[in-house]
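Below you'll find the structure, written out as C-alpha cells, and then a few comments.
The values are calculated or read from the model by the stated rules, or taken from the named source; none is laboratory data. The model shown is predicted, which means the values in this text are computed figures rather than measured ones. All Cβ positions, glycine included, derive from the backbone under ideal geometry; neighbour counts span all protein chains shown. Surface accessibility is based on the protein's heavy atoms, side chains included, excluding ligands, DNA and RNA. Shrake-Rupley method; radii C 1.70, N 1.55, O 1.52, S 1.80 Å.
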Amino acid sequence: MSSEEITVTLRGSIRKAAKGTPIGELFEREERRTLIAARLNGKLVDLSRPLDQDATIEGVSIDSPAGIDILRHSTAHLMAQAVQSLYPGTQVTIGPATEEGFYYDFARSTPFTSDDLPKIEQRMRELARADEKIERMEMTRDEAVELFARMGEHFKVEILRDLPDDRVSIYRQGDWMDLCRGPHVPSTGWIKAFALLSVAGAYWRGDERNAMLSRVYGTAFPDQASLEEHLELLKLARARDHRRLGRELGLVLFDSRAPGSPFFLPKGAIVVNELIAYIRRLYARYGFKEVITPQIFRNELWRTSGHWELFRENMFLTTDGENAGGELDYALKPMNCPAHAVLYASEKRSYRDLPLRLADFGRLHRAERSGVLHGLTRVRAMTQDDAHIFCTLDQIAQEVDSNLKMVREVYQALGFEQMELKLATMPEEHLGSEQTWRRTEAMLAEAMERNGLSYQTNPGEGAFYGPKIEIYVPDALKRRWQLATIQLDFNMPERFGLEYVSSHGTAEQPVMIHRAILGTIERFLGVFIEHTGGLFPFWLAPEQVRVLSLTDKVESYASELAARLEREGLRVALDARNEKLGFKVRQAELAKVPYIVVAGEREAAAGTISLRRVRGAKAETMTVEELVATLKSEPLPG
RNA sequence: GCCGAUGUAGCUCAAUGGUAGAGCAACUGACUUGUAAUCAGUAGGUUGGCGGUUCAAGUCCGCCCAUCGGCUCCA
C-alpha cells in the first residue's frame, strides 16, 4: 500500500486516493458501465491513466458528445487493425473521428472497393468480440520513429518527425499498435454498433501533390438503435437530394453535353425569377442600381483585374470567329467586378456619388475542375445576386452593416435559422500588401462583432483581392455550402485606377465591397430544395394552385374557376383528366402544389370549392370568393 | 485534375458470353370517378461513345465522355 495519498475532486466532492490509482477506479461501479474515458483537469484521458498528483476528474460516458468522438476514433483504430490483419503490407496513416463518424486513410497499391467493406466489417466484429484491452504506452519520439520504421509504417514516421513533443503515446490492442494521442475506449468490446459506409480516394495531407491514399468511411454509435436511426436519416437525406427532387419536380435538367451547367425548366425558371424579383424589391429599398454588363471581354481586362494572373485556370478562354483556331484573346466573365470597375471609371465621380451600389444578375462561367461538379451546388454556369459598392473609407462600416442586415432579412424570410459565419483571410496567392489585408480583415471582424454575430475564421480562404465574410448553410446531408458573401477590396480600385473627387477637391481612391446575398442562385436553389424538401413557400411555388375536376360533368366549372384564378395573377394548373380523384390528389401532393382545389357537382351547384392544403390536411369547403381571398392573402416578402 | 464506383426505355431497376425485359410515366380505349395509385391495350432501345477479343458482347478488354462518393474537421 502506498503511503502517498493525493486529493481528488470528483463532482464537487473531495476524496483521497492512493497515488497511482487508475482514474477509472475512482468512479462508482454503476457509473463505470457507461464510462469510457475521463477528463483530468479538463483534459481527456484514458480510464487506465494512473493519478500521480492532486486533480479534478470527471467521467466521460459513451453517449456524451466527447464520448461518441472517442468511440468513433477507437472504431477507426479497430478498422485499421482489421485491415492490417486482412491485408498485410497496407500502411496506416491517420484515422480521425468526424462529425458523423470516422474515416481511416490507408496506403496500399490497390485501393479498396466497396466490395471489401463487408469483409473488413466482419473482421472488426471478430476483433471486437475478442474484447482486447486497449493499452496506452509512452516512449520517446526517437524510439517511436525507430519502432514504426521497423514496422514499415513510413507515414507514421513522417507524422512523428513533425511532432513537437519528445514523448509520444502508442496504443496497443492485442498484437496491433498505432501511434495515437488518444484517449480510447478501455477495450475493443465497447465497440458494438458500427457500419462501414464508403470508400474514397484522399491525398496524403489533403495535398494533390502527395500520394493518393485509400480512405474508408464509417460510423459508430453507443448502441444499435442509434446506429440504425442514423442510417435511416441518411436514407431520408438521400430522398431529399436536390438532384433527385430537382428532376422529379420538373425544375432542372442536366445534360452531359453541358457538364456542370443546369437547364432550368419552365417551373425552375419561375422559382429563379421569383427569387430574383424578391432581391430586386430589396434593391429598391437598400439603394442598389441594377446594371447589365457584357459576357465576354478581351483579356486586357483580365490582365488589369488580376484574374489573368490568379484566376485564369478557372476561366473559359475564347476568341472571335475571325481568329478561330488562333489566339484565345477573349474570356467569358467568371465575375462581374471588373465590368463594374470599368463602369465606375467611365465617368468622373464625386464623393457626392458615393456610395455607388451597382447590382448585376449577369451570367458567370467558371471552369471548375470536373471532379468537383455537384448538381446545382457546384456548377460551371451561374447567376449571382451580385453587387459592388464603391464607397469611401468612412462609409465601409455603414455599408457592411447594411448588407449584414440584408443577409439576415433574406435568410429569415426564406426560413434558414442555421447559418454559420466565417471570416476568410488572406490566401497564399493574393494581390496587395499584407498590411492592407490585415487591416481589412479587422474591419470585417469588427462589423460582425458590432452586429452581435459570432463567427469562425477560415484562414487563407479569402478571395485573391480581399477578405470575405462568408455565410454557410448546410444541405440535407449536412455538407455546408457558402451562399452569401461580403468582401472588402482595396486592390481592384487600385488596379483600375478608380478615383473620386473629395469634398476638398482632391482625387481619392474608393473602396470596393463585393457582396451577394443569395450568393449563386443555382447553389441557393439546390440548398433551398433540400431545406424545404421541395415544398416551397407559396410565393415561390412554380404551381400555386391546382384545380381538380371530379368528373367531366363539372369540367367547365373547373376550367372557369382556373381561368378566374389565373386572372387574379396566380399560377394555376387544371387537372381535368379522366382519372379518379384520389389519383389526381396524389399527383398534386407529389408535385408539392400548396393548394389543391376540388370541384365536383356539389360545389358546382353551390358555387363553392373544396380546398385541400398540401400535406394531407383536411379538406375545407368555401366559396370561390373566399378561396381568392385566401390565396391573395399569402405573404410576399420584400 | 486525382482515386474508386456507376452508365440498359422519360424515371426506378432486371437480364451465366447465346432472341434485351418489368413497374411507373407516355399514347389509345373502357369506366364517370369525392381527397395519396381503376382496368385493358399500344408504342417505346445502335444497352453513354469509339475501337478490340469472340462463331456470338448489355455482359470480356482498351480509350474517351458523363454521373456518383471522396480528396488535412491534427498521431
Would you confirm whether any residue within segment A:77-88 is under 21 Å from A:TYR203 (Cβ atoms), more than 8 Å from RNA strand B (Cβ to nearest atom) and assigned to a loop (DSSP other than H, G, I, E, B)? yes
Tally time: how many residues in segment A:375-414 are farther than 19 Å from A:GLN482 by Cα, in a helix (DSSP H, G or I) and open to solvent by less than 10 Å² (accessible area, probe 1.4 Å)? 2
In the set A:PHE490, A:PHE464, the lone residue that is surrounded by fewer than 23 Cβ atoms within 10 Å (Cβ to Cβ), of a type in the set (Phe, Trp, Tyr), touching a Leu at 6+ places or on another chain (Cβ under 7 Å) and within 25 Å of A:LYS333 (Cβ to Cβ) is A:PHE464
Considering only residues that are under 10 Å from A:VAL199 (Cα atoms) and either surrounded by fewer than 18 Cβ atoms within 10 Å (Cβ to Cβ) or more than 15 Å from RNA strand B (Cβ to nearest atom) (or both), which ones fall in segment A:102-129? A:PRO111, A:THR113, A:SER114, A:ASP115
Quick test for you: out of A:GLU327, A:GLU322, A:GLU347, pick the one residue that is open to solvent by 60 Å² or more (accessible area, probe 1.4 Å) and in a helix (DSSP H, G or I). A:GLU322
Number of the exception - A:PRO338 against (1) over 18 Å from A:LEU483 (Cα atoms); (2) open to solvent by less than 60 Å² (accessible area, probe 1.4 Å); (3) outside any helix (DSSP H, G or I): (3)
Would you mind stating whether A:ASP63 is more than 14 Å from RNA strand B (Cβ to nearest atom), surrounded by 13 or more Cβ atoms within 10 Å (Cβ to Cβ), part of a loop (DSSP other than H, G, I, E, B) and touching a residue at least 12 places away in the same chain (Cβ under 8 Å)? yes
Hits in segment A:184-212 - residues which are assigned to a loop (DSSP other than H, G, I, E, B), open to solvent by 70 Å² or more (accessible area, probe 1.4 Å) and either under 17 Å from A:ILE120 (Cα atoms) or near RNA strand B (Cβ under 9 Å from one of its atoms) (or both): A:LYS192, A:GLU208
Any idea which residue in segment A:555-604 is nearest to A:GLU274 (Cα to Cα), counting only those that are under 36 Å from the mean Cα position of the chain (by Cα) and among the charged types (D, E, K, R)? A:ARG571
List every residue pair whose Cβ atoms lie under 7 Å apart, where the two residues are 6 or more positions apart in sequence or sit on different chains, the first residue falls within segment A:501-514 and is closer than 28 Å to A:LEU404 by Cβ, and the second residue, located anywhere, is part of a strand (DSSP E or B) and of a type in the set (Ser, Thr, Tyr). A:GLU508/A:TYR500; A:PRO510/A:TYR500
Scan segment A:534-554 residue by residue and report those that are open to solvent by 10 Å² or more (accessible area, probe 1.4 Å), within 21 Å of A:GLU589 (Cα to Cα) and within 16 Å of RNA strand B (Cβ to nearest atom). A:LEU535, A:PHE536, A:GLU543, A:ARG546, A:LEU550, A:THR551
For A:GLU603, work out the one condition from (1) in contact with a Phe, Trp or Tyr (Cβ under 8 Å, 6 or more places away or on another chain); (2) assigned by TED's automatic domain parsing to the domain that holds A:ALA484; (3) in a helix (DSSP H, G or I) it doesn't fulfil. (2)
May I ask you to list the residues in segment A:130-175 that are within 9 Å of RNA strand B (Cβ to nearest atom) and either at positive phi or of a type in the set (A, V, I, L, M) (or both)? A:ALA144, A:ILE159, A:LEU160, A:LEU163, A:VAL168, A:ILE170
Name the residues in segment A:171-198 that are of a type in the set (A, V, I, L, M) and either modelled with pLDDT under 90 or more than 35 Å from the chain's Cα centre (by Cα) (or both), would you? A:MET177
Quick check on segment A:470-484. Is at least one of its residues among the small types (Gly, Ala, Ser) and open to solvent by 40 Å² or more (accessible area, probe 1.4 Å)? no
Considering segment A:426-451 alone, what residues qualify as being within 14 Å of A:ASN491 (Cβ to Cβ), open to solvent by 20 Å² or more (accessible area, probe 1.4 Å) and within 26 Å of the chain's Cα centre (by Cα)? A:MET426, A:GLU429, A:HIS430
Note on segment A:213-260: residues buried (at least 17 other Cβ atoms within 10 Å of the Cβ), in a loop (DSSP other than H, G, I, E, B) and either modelled with pLDDT of 95 or more or more than 8 Å from RNA strand B (Cβ to nearest atom) (or both) are A:PRO222, A:ARG240, A:LEU249, A:LEU251
The residue that is nearest to RNA strand B (Cβ to nearest atom), considering only those in segment A:572-625 that are within 15 Å of A:PHE538 (Cβ to Cβ) and exposed (fewer than 12 other Cβ atoms within 10 Å of the Cβ), is A:ARG615
When residues of segment A:626-637 are filtered for being assigned to a loop (DSSP other than H, G, I, E, B) and open to solvent by less than 50 Å² (accessible area, probe 1.4 Å), how many remain? 1
